[in-house]
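Asks: First the structure, which I've put down as structure tokens, then a few questions once you've had a look.
Coordinate-derived values only; no laboratory data. Keep in mind that this is a model prediction, so the values were computed, not measured. Cβ placement follows ideal geometry from the backbone for every residue including glycine, while neighbour counts extend to all protein chains displayed.
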Amino acid sequence: MKAYIKAINYALPEGVLTNEEVAAMFPEWTVEKIEKKLGIKQRHITAENETASDLAIQAAEELFETTGIDKEEIDYLIFVTQSPDYHLPTTACVIQKRMGLSHNLTSIDVNLGCNGFVVGLSLAKAVIMAGQAKNVLLLTGETYSKYMHERDKSNRTIFGDGASATVVSTEGMAEIGDFVVGTDGEGAENLIVKTGGARHLKPANDLEFDDFGNPRSSDNLYMDGPAILNYSLEFLTKLVNDVLAKNNLTMDDIDLHVYHQANIFLANLERKTLRIPPEKYWVCIENTGNTVSSTIPIALCEALRQGKLTKGMKVLSIAQGLGYTWGGMVLYF
Amino acid sequence: MTLEEFVTAFADEFDETPAESFAPATVYKDLDEWGSLTALSIIALAMEGFGKKITGADLRSVDTIEDLYNLIQTK
């Protein structure tokens with residue numbers, strides 16, 4: 001038995017934060033500098049009462065409408081998010097009810113960041129291969145904007161909110177190849193919202209500002225940029241080689257590289273490190289920013305819509321995420 | 001990479017600061033353009049140019065480009 005991506009779609013909130021608005025908030029930035037350095041023109045931001053599950057449901061409903069896939073046939077639901085509606089219950093259960101999905105459904109939330117789509121797809125494939133389900137609905141949705149301090153220039157410039165919906169089935173448009181996935185919890189504190197969970201339930205109220213004037217607080221999203229950069233570059237080549245070896249492929253076999261993209265700065269470093277020609281490296285963050293677990297599905301959707309990704313192509317996808325946890329896979333379109 | 005080459009590569013990571021502003025004794029943290037993004041560029045330079053990993057704390061611990069060059073050698 002094989003597992004396939006049958007359909008894929010994404011959704012973004014209506015609200016937009018433009019570079020003009022970012023530059024107005026942080027005068028040391030200019031519109032041109034943000035675009036040149038980060039490759040981002042705007043990012044979509046949810047309204048106060050709008051959540052990751054709202055966006056994921058929108059992406060899924062549109063997918064069912066446009067493809068004609070019967071949502072009654074969905075028998076497994078995975079929602080990848082770090083912005084759940086509640087501590088409990090599982091947001092996937094709430095989504096089942098709101099979408100009117102079958103009651104004969106396993107529903108789970110998966111708490112992962114930037115590699116959430118890769119790991120989510122590996123789970124979906126495992127479920128199909130084990131015969132536990134025939135049609136998995138894999139949703140990703142993230143709203144890091146809700147965790148950010150309003151003066152957090154770095155994170156507010158880089159991250160955008162967004163969601164995706166993918167149906168994984170026994171047939172479809174792209175066969176899901178083999179995965180390599182890894183974990184190193186040593187990096188846990190380098191990208192973190194420290195309070196609000198059971199370990200530190202109450203706000204710490206410990207706001208301070210770093211050398212560059214960026215706020216740092218246990219109550220908001222914190223990213224150690226240098227540590228994350230080193231992590232991203234240090235093991236990239238090994239991860240790519242491991243994924244290629246697992247799939248019995250070489251770099252030359254890959255037609256398109258669709259990686260998690262934090263920003264153009266990091267994307268260019270990765271592309272140069274791996275010596276990938278620009279025409280084979282798909283960049284898709286200009287209008288969305290870093291949407292965490294949705295960057296790869298959004299990039300795949302846009303590559304398909306814009307004719308960059310066509311039948312017969314082999315796609316390599318790599319994602320390194322907080323935790324740390326990372327993963328890579330090959331998709332055969 | 002020699003110190004001279006490192007100073008040139010360091011300067012290349014800056015868009016607005018003229019190249020002549022960079023010398024081994026330049027205190028990089030005093031440059032107007034020094035910020036979180038240029039810091040990341042220098043960290044990437046250490047990784048690409050020397051295969052060495054430097055941290056945000058390393059960048060804070062020294063003052064001049066030459067100090068940083070020497071620090072990278074010890075990694």
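Asks: Could you list A:His149, A:His260, A:His103 in order of exposure, starting from the residue whose Cβ has the fewest other Cβ atoms within 10 Å?
Replies: On the way: A:His149 18, A:His260 31, A:His103 6.
Exposure proxy ranking, most exposed first: A:His103, A:His149, A:His260.
Asks: Give me the compactness ratio for segment A:4-172, meaning the Cα radius of gyration over 2.2 N^0.38 Å.
Replies: So segment A:4-172 has a normalised radius of gyration of 1.13.
Asks: Also: If packing is taken as the mean number of other Cβ atoms within 10 Å per residue, what is the order of A:206-215, A:170-179, A:292-301, A:322-331, highest first?
Replies: Order by mean packing, descending: A:292-301, A:322-331, A:170-179, A:206-215.
Asks: Continuing with this model, one more query. Long-range amide H contacts for A:Asn290: which residues qualify at under 5 Å (H placed 1.01 Å from N, peptide plane, sequence gap of 5 or more or a different chain)?
Replies: Sorted by chain and number, the residues that satisfy this are A:Phe159, A:Gly160.
Asks: Taking θ = phi - 60°, what integer Hz values does the Karplus form 6.51 cos²θ - 1.76 cosθ + 1.60 yield along segment A:101-106, in sequence order, with x for Gly and Pro?
Replies: For segment A:101-106, the Karplus-derived couplings read 6, 4, 7, 7, 9, 8 Hz, x marking Gly and Pro.
Asks: Suppose every Lys and Arg Cβ carries +1 and every Asp and Glu Cβ carries -1, with no other charges. What dipole size does segment A:22-132 come out with about its Cα centre, to the nearest 20 debye?
Replies: With Lys and Arg at +1 and Asp and Glu at -1, about 460 debye.
Asks: Exceeding 21 Å between C-alpha atoms, which entries from my cross-link table qualify? They are A:Lys41/A:Lys238; A:Lys238/B:Lys53; A:Lys97/A:Lys194; A:Lys2/A:Lys134; A:Lys6/A:Lys125.
Replies: On the way: A:Lys41/A:Lys238 32 Å; A:Lys238/B:Lys53 16 Å; A:Lys97/A:Lys194 31 Å; A:Lys2/A:Lys134 11 Å; A:Lys6/A:Lys125 12 Å.
Pairs exceeding 21 Å: A:Lys41/A:Lys238; A:Lys97/A:Lys194.
Asks: If the cut-off is a Cα-Cα distance under 13 Å, which aspartates and glutamates reach A:Lys308, setting aside same-chain residues fewer than 8 apart in sequence?
Replies: A:Asp255, A:Glu279
Asks: Continuing with the same structure: Exposure proxy check: A:Thr288, B:Thr17 ranked by fewest other beta carbons within 10 Å?
Replies: Taking fewest neighbouring Cβ atoms as first place, the list is B:Thr17, A:Thr288.
Asks: If you don't mind, another one. Against the empirical 2.2 N^0.38 Å scaling, what ratio does the C-alpha Rg of segment B:3-73 come to?
Replies: In units of the globular-protein estimate, segment B:3-73 measures up at 0.96.
Asks: Going toward the positive end of the dipole of segment B:3-73, with +1 on Lys and Arg Cβ and -1 on Asp and Glu Cβ, which of B:Ala46, B:Ile65, B:Ser21 do you reach last?
Replies: Positive-end residue among those listed: B:Ala46.
Asks: Rank A:Gln306, A:Gly225, A:Phe179 by how far each Cα sits towards the positive end of the charge dipole of chain A (+1 on Lys, Arg Cβ; -1 on Asp, Glu Cβ) and give me just the farthest.
Replies: A:Phe179
Asks: Amide H neighbours of A:Tyr10 under 5 Å, at least 5 residues apart or on other chains, H built in the peptide plane: list them.
Replies: Sorted by chain and number, the residues that satisfy this are A:Ala165.
Asks: While we're here: What are the trypsin sites (Lys or Arg not before Pro) within segment A:1-52 that DSSP puts in a loop, where the Cβ has at most 16 other Cβ atoms within 10 Å?
Replies: A:Lys2
Asks: For a footprinting-style exposure proxy, rank A:Tyr86, B:Tyr28, A:Tyr4 by other Cβ within 10 Å, fewest first. Please list the in-between numbers first.
Replies: Details: A:Tyr86 10, B:Tyr28 22, A:Tyr4 19.
Final ranking by Cβ density, sparse to dense: A:Tyr86, A:Tyr4, B:Tyr28.
Asks: Tell me whether segment A:3-50 comes out rounded, prolate or oblate; compute the Cα gyration tensor, take square roots of the eigenvalues as a ≥ b ≥ c, and use a/c under 1.5 as the rounded threshold.
Replies: Oblate.
Asks: Let me know the mean shielding of B:54-60 by other chains, meaning the per-residue number of their Cβ atoms within 10 Å of its Cβ. Write out the running numbers ahead of the final one.
Replies: Values: counts 2, 4, 9, 3, 1, 2, 2.
Counting Cβ atoms of other protein chains within 10 Å of each residue's Cβ and averaging gives 3.
Asks: Tally the DSSP beta bridges in segment A:12-130 and give the antiparallel ones as a percent, rounded to 5. Walk me through the intermediate numbers first.
Replies: Numbers: 3 of 8 bridges.
Roughly 40 percent of the DSSP beta bridges within segment A:12-130 come out antiparallel.
Asks: Under a point-charge model restricted to the Cβ atoms of Lys and Arg (+1) and Asp and Glu (-1), what is the dipole moment magnitude of the protein assembly as shown relative to its Cα centre, in debye to the nearest 20?
Replies: Dipole about the Cα centre, nearest 20: 1360 debye.
Asks: Per-residue ellipticity at 222 nm for chain A, helices alone: DSSP H runs ≥ 4 residues times -39500 (n - 2.57), over residue total, nearest 500 deg cm²/dmol?
Replies: Result for chain A, helices only: -9000 deg cm²/dmol.
Asks: Over the alpha-carbon set of the protein assembly as shown, divide Rg by the Kirkwood Rh and report the Rg/Rh ratio to two decimals.
Replies: Computed over Cα atoms, the ratio is 0.98.
Asks: Further question: GluC sites (Glu not before Pro), restricted to segment A:263-333: which are DSSP loop and have at most 15 other Cβ atoms within 10 Å?
Replies: A:Glu286
Asks: If you take the Cα Rg of segment A:178-332 and divide it by 2.2 N^0.38 Å, with N the number of residues, what do you get?
Replies: Numbers: Rg = 17.4 Å, N = 155, 2.2 N^0.38 = 15.0 Å.
Against the compact-globule rule of thumb, the ratio is 1.16.
Asks: Right, here's the next one. Might you report the magnitude of the Cβ-based charge dipole of segment A:83-146 about its Cα centre, with Lys and Arg at +1 and Asp and Glu at -1, to the nearest 20 debye?
Replies: Rounded to the nearest 20 debye, it is 160 debye.
Asks: Counting partner chain Cβ atoms within 10 Å of every residue's Cβ in A:225-232, what's the average?
Replies: 6
Asks: Kindly write out, for segment A:190-195 in residue order, the coupling ³J(HN,Hα) from the Karplus curve 6.51 cos²θ - 1.76 cosθ + 1.60 (θ = phi - 60°), rounded to whole Hz, with x marking Gly and Pro.
Replies: Result, ordered by residue: 7, 8, 7, 10, 7, 9 Hz.
Asks: Once you average over the residues of B:37-43, how many Cβ atoms of partner chains fall within 10 Å of each Cβ? Don't skip to the end; give the middle numbers.
Replies: Numbers: counts 12, 2, 5, 11, 4, 1, 6.
Average neighbour count from other chains, rounded to a whole number: 6.
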